[in-house]
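Only one structure is covered here, and it is reproduced in the block below.
Please treat every number below as a calculation from the coordinates, not as lab data. This structure is a prediction, so every number in the text was calculated from the model and none was measured. So basically every Cβ, Gly included, is an ideal-geometry build from the backbone, and we count neighbours across all protein chains shown.
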Amino acid sequence: MTNEGDRSGEPTSYGLRPPAAGGRDDEAGTPERGPAPHGEAGPAPSAGRPEIDPRVHVPTQPAGPLPSTAVPSPSAAPATPGAGGSGGAASGAGRLLGGRYRLDSRLGHGGMGTVWRAHDEVVGRDVAVKEPRLPEHLSPRERETMFARMRREARTAARIDHPSVVTIHDVVVEDDQPWIVMELVRGRSLADVLDEGTLDVREAARIGLAVAGALDAAHETGVLHRDVKPDNVLLGRYDRVVLTDFGIAHVQGEQGLTETGTFVGSPEFTAPERVLGQRPGPESDLWSLGVVLYAATEGVSPFRRSNSPATLQAVLSAEPQRPARALSASGAFGMLLTRLLNKEPALRPDAAEVRQVLADVARPPQPSRTRQPAGGGALGRVLRGFLSRLRWSRGWQFGTGGVVVALAAALTLFFVLTADRAPEGWSTRNEDARVRATLAVPDDYERSADERAVTFTDPGNVVSIALSRANENVKKTSLAEANSWRAFYEKGGSESIYKAMLQVRSRVTEAEQQGRPAAEVSTTYQPANDTGTAEGPRKFRHELVYVNGDGVRWRLQVEMPAKGKSRQDGEEVFREARKSLRIHDL
């Protein structure tokens, strides 16, 4: 992770700057404390440290609102309260709120308020309390708007039921101001952890999975977080991960509290559609999660620039560098990052796929099993016993002819019974009567058939397997036959179920079937109805084509959605069916 030293001069939200930590103004003339207007400049390099290009660094001090409930590590420097606002002596340590919450010490502060460690004297537990912190120059109407936003933050977080969302205990109104009382998460923010270096892919996936789960729970209740960033991800004890600070969340059905023309959030983590003023959706929060995971594993923030306007422009138009470290550790994780950062929301993976990929990557590696000499299971034990007895038999000692025959028979039996077994939950189907072949399919797939074809469809009618045999109008080779089907698809089809294929992209690759030349065809298309109008989501078809020396053709097709978790499931089905296929008339 690159280290820039003090990052207080870096832009954290459009038109706002956190208090400067140094004792002098920065190069742009920003005052030592308090918010600054538009047009921030990049930070000055810290003394004794190499100057690093600010366009690609990850900040080293919390930017914007501090984590609402983070307890800093003992070595962390105490937070400096900002000037102005509603704080002061009246809200200092020792103050009692609501007759039960005794303020103890500051945990941090940011643009939306100061977070205190407090003690609940009624139940005897430590809690975190968020105090409003507003500039003095705000009008009464603006102050009420900000207080309403804090009250909404409490309602928003309280309605989300997920272990990775901070628990709200209470809202206390003192001097007409809401104080949010929440659980105290003992740990550090992800931003603090990233100050010390990057994460390995498995740890990043573990954290990302928890955040994705919290976002999914929020989205199910109609809540968009809109400010997912490392500062708002807390890493607690017992490997707990908590997403906090729903202060700028948008709740469907509630009136917006952001003034017209005001941008809220952290630019480098803000999805392009939000920058353009378009209506955001769950995909916007997933974009932000993608930026967080990219920065956590690659050591650079993909869109960060020296000021907010430049950062927003990068979000809109710049393509992030290839996540080389993530790809080298896990191709699935690296590809997920690339897809999450797609400028087009509809092309990003959905929440279910994100969680599935992260769960797979985060799963600890399984210990390798030591291979037994003659195979595992009961059959292996039988073979080992047979070979042991054979070694001490008269035939082994005085002649090898019968031994060789017996041994060959035993090994043949072993490989016949153990080779190409169907996966758990699959069964091998003998379809010799219709297509002169056998293949494995999932147990719960429903079978249908005609004279020279069999089809198996999953219960949800999402993925299907079809195997057909034909000897009419067949090309001489597998490759030529596959290319004829590719050309047929690209023309849109003209018969049967293929007559309505739009926006076709198809390719052919060479393959093998039982040691003979074969070919595969991969086709993405948009289904259409009889009138030629696009209908439903895009589809993907993966198929194997084999033509034998007598001009008989076999086609194994697996149909599936073109993206999402169902695409992954469909590809796995194709791989297993393809591996199990045995054609009888090679």
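Tabulated data
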read-out	value
Derived scalar couplings ³J(HN,Hα) [segment 347-353; Karplus, 6.51 cos²θ - 1.76 cosθ + 1.60; whole Hz; x for Gly, Pro]	8, 7, x, 7, 4, 5, 5
Förster-model FRET efficiency, 45 Å R0, Arg363 and Leu96, C-beta, rounded to 0.05	0.40
Full-stretch length increase - Ala480, Asp176 - with 0.36 nm per residue and alpha-carbon distance subtracted	101.6 nm
Inverse mean reciprocal Cα-Cα distance (Kirkwood Rh) of segment 423-473, Å	11.5 Å
Separation in nanometres of the label points that stand 7 Å from Cα toward Cβ, at Asn430 and Ala332	3.6 nm
Under the Karplus curve 6.51 cos²θ - 1.76 cosθ + 1.60, θ = phi - 60°, whole-Hz ³J(HN,Hα) for segment 299-307, x wherever Gly or Pro sits	x, 9, 8, x, 10, 6, 10, 6, 8
Proximal charge balance of Thr338 [Cβ under 14 Å; K/R count +1, D/E count -1]	+2
Largest-first principal axis extents, alpha carbons of segment 534-586, Å	39, 25, 9
Radius of gyration, Dmax [segment 197-362; alpha carbons; angstrom]	15.0, 46
Convex hull volume of segment 426-583 per residue (C-alpha atoms, cubic angstrom)	111 Å³
Qualifying lysines (Cα of each under 22 Å from Cα of Lys565; at least 8 residues distant if same chain)	Lys343, Lys539, Lys579
Charge tally in the Cβ shell below 10 Å around Pro561, where Lys, Arg are +1 and Asp, Glu are -1, Pro561 excluded	+3
Radius of gyration, Dmax [segment 445-530; alpha carbons; angstrom]	14.2, 41
Cut-off 9 Å between beta-carbons: net charge of the residues surrounding Asp458, Lys and Arg +1, Asp and Glu -1	-3
Linear extension gain, Leu586 paired with Glu319, 0.36 nm per residue minus alpha-carbon span	91.2 nm
For Arg95, distant residues with modelled amide H under 5 Å away	Leu103
For segment 478-485, Karplus couplings with θ = phi - 60° (6.51, -1.76, 1.60), whole Hz, Gly/Pro x	4, 5, 5, 5, 4, 5, 5, 6
Amide H contacts of Gln513 (H built 1.01 Å from N, under 5 Å, at least 5 apart or other chain)	Ala518
Additional length obtainable on full extension of the chain from Asp443 to Ala346, 0.36 nm per residue less Cα span	31.6 nm
Orientation-averaged projected area, Cα convex hull of segment 167-254 (nm²)	7.1 nm²
Under-5 Å amide H pairs with Glu174, H placed in peptide plane, nonlocal only	Trp179
